[in-house]
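K.L.:
Here it is, the structure in full.
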């Protein structure tokens, strides 16, 4: 279940039970300080719980990196409506597979994180929304939930505290769009998985139009450690404003691909060389996508940087979902752009025009260039199409398609130019400048 050999450079906080015998069982969890954090949270007020999460500098691990404690604090205390905890376990970002290993190896850690969040906002029910391809993960989570009901960690009057909380799993249908929080909520309610117009945001009108805390699997899994070891200890693991560790899914042209837990701020080049075992076949590093396929690409000379939200943003990309895709000098960047756009065009929900039409036309033009039939104007057209999608869609899927495309054209323009025909006969329609 580990998928890769651990690295001696890892700092195992969320993955501390990986490799233990029967790591999915409640007995193993309880024998290794399981629910110690929740018991501490039960002795705190809701405000104290939220303040502890704020002090930990925990930022959402799903992609945006929004401070988790601040997000929890947006839930209105005086609302007469029920409150919900929703886990985003859709994990559809290409290059990302860390939530899967967390649920497979340590399902009770996720549930404990949900319980602490429920204590913070007064929720009495929670949902784990799991992508359809993870059918076996749903079975693992259902067994863990059943164990906790049997032992009094879920249900009525949990551990004699007077707190009630129920947890349910819910399967998606394998739609990338449903990784966007409002589309996920629509799907959870049995509707088409398309984004909502915001505001209101989920903290005020989320699941069933009720106040909702919605975070990624890894975010909730980090919460028990914050309360078990203290917010200061968690915050000290990373640089300022970036507390804790991060699960990085290393893939691509490296010798040791896998999911590794490293401190926030770990150097990217060191991650590739010392954790990932270097470029396979002794090759040369060409580029890295640092946070899943939606993030702008970094050239090799840009990769000597700290892997935290702020440093990667300063470098012009995003830490995103932690999917680190490493590419050697043999990588064809035009084909990479085509493959990325094929994915986003296929996964667009089609609700808004910039995304529906933009991804379609980007795929067509990129494919034309890749096939050697490009026009002299196509490279600028690709850049223009992508830029006209940025910030103009109901959800970030349009941006997710545009940002890597813009960066590939900017940083590897020579490869796009080399793909154009060397000469075009007079009267050929490719001479016509379009757009």
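K.L.:
Can you work out the FRET efficiency for the pair residue 39 and residue 78, with r the C-beta to C-beta distance and R0 = 22 Å, to the nearest 0.05? Write down the numbers at each step before the final one.
P.N.:
Numbers: r = 28 Å, r/R0 = 1.26.
Computed FRET efficiency for residue 39 and residue 78 comes out at 0.20.
K.L.:
At a Förster radius of 41 Å, what calculated FRET efficiency corresponds to the Cβ-Cβ distance of residue 387 and residue 55, to the nearest 0.05? Walk me through the intermediate numbers first.
P.N.:
Numbers: r = 39 Å, r/R0 = 0.96.
In this case the efficiency is close to 0.55.
K.L.:
For region 195-253, rounded, prolate or oblate, judged on the Cα gyration tensor with a ≥ b ≥ c (square roots of eigenvalues), a/c < 1.5 rounded, else prolate if a/b > b/c?
P.N.:
oblate
K.L.:
Have a look at 248, 220, 416 and tell me which one the Gaussian network model of the chain (Cα, springs below 10 Å) gives the largest fluctuation.
P.N.:
Top of the fluctuation ranking is 416.
K.L.:
More than 15 angstrom separation, counting every C-alpha pair in region 333-422; what % is that?
P.N.:
Everything past 15 Å amounts to 51 percent.
K.L.:
While we're on this one: Obtain the nm distance between the two label points defined at residue 173 and residue 146 by a simple spin-label model: each point lies 7 Å from its Cα along the Cα-to-C-beta direction.
P.N.:
Once both label points are built, they end up 2.8 nm from each other.
K.L.:
How high is the FRET efficiency from residue 12 to residue 422, r the C-beta distance, R0 45 Å, rounded to 0.05?
P.N.:
0.25
K.L.:
Under the 0.36 nm per residue contour assumption, what length would be gained going from the current alpha-carbon distance of residue 192 and residue 377 to full extension?
P.N.:
62.8 nm
K.L.:
Related question: Just the number, please: percent antiparallel of the DSSP beta bridges in the chain, rounded to the nearest 5. All intermediate terms of the calculation are to be shown ahead of the outcome.
P.N.:
Working: 16 of 37 bridges.
Counting DSSP beta bridges with both partners in the chain, the antiparallel share is about 45 percent.
K.L.:
Shifting gears a bit: Over the Cα atoms of the chain, compute the convex hull volume and normalise it per residue, giving Å³.
P.N.:
So the per-residue Cα hull volume is 131 Å³.
K.L.:
Neighbour counts of other C-beta atoms within 10 Å: give me 214, 237 arranged from fewest to most.
P.N.:
237, 214
K.L.:
Pick from 263, 76, 404: which is most flexible by mean-square fluctuation in a GNM of the chain where alpha carbon atoms under 10 Å apart are linked?
P.N.:
Ranking 263, 76, 404 by mean-square fluctuation puts 76 first.
K.L.:
I would also like to ask the following. Which of rounded, prolate, oblate describes region 266-340, given a ≥ b ≥ c as roots of the alpha-carbon gyration tensor eigenvalues and a/c under 1.5 marking rounded, otherwise prolate only if a/b is larger than b/c?
P.N.:
Here region 266-340 falls in the oblate category.
K.L.:
So between residue 351 and residue 208, what do we pick up on full extension, going 0.36 nm a residue minus the alpha carbon distance?
P.N.:
Result for the pair: 49.4 nm of gain on full extension.
K.L.:
Along Cα→Cβ, 7 Å out, is where each label goes; now give me the distance between the ones at residue 414 and residue 136 in nm to one decimal.
P.N.:
Output for this residue pair reads 4.5 nm.
K.L.:
If each residue of separation counts as 0.36 nm, what is the full-extension length gain between residue 301 and residue 30 once their alpha-carbon separation is subtracted?
P.N.:
Once the chain is fully extended between residue 301 and residue 30, it gains 92.9 nm.
K.L.:
Antiparallel versus total DSSP beta bridges in region 245-328: what percent is that, nearest 5?
P.N.:
The answer is about 80 percent antiparallel.
K.L.:
Give the shape of region 26-235 as rounded, prolate or oblate, defined through the alpha-carbon gyration tensor: a ≥ b ≥ c are the square roots of its eigenvalues, a/c under 1.5 means rounded, and otherwise the shape is prolate if a/b is larger than b/c and oblate if not.
P.N.:
rounded
No value in this document is a laboratory result; all are computed from the given coordinates. Remember, predicted model here, so these are calculated numbers, not experimental data. All Cβ positions, glycine included, derive from the backbone under ideal geometry; neighbour counts span all protein chains shown.
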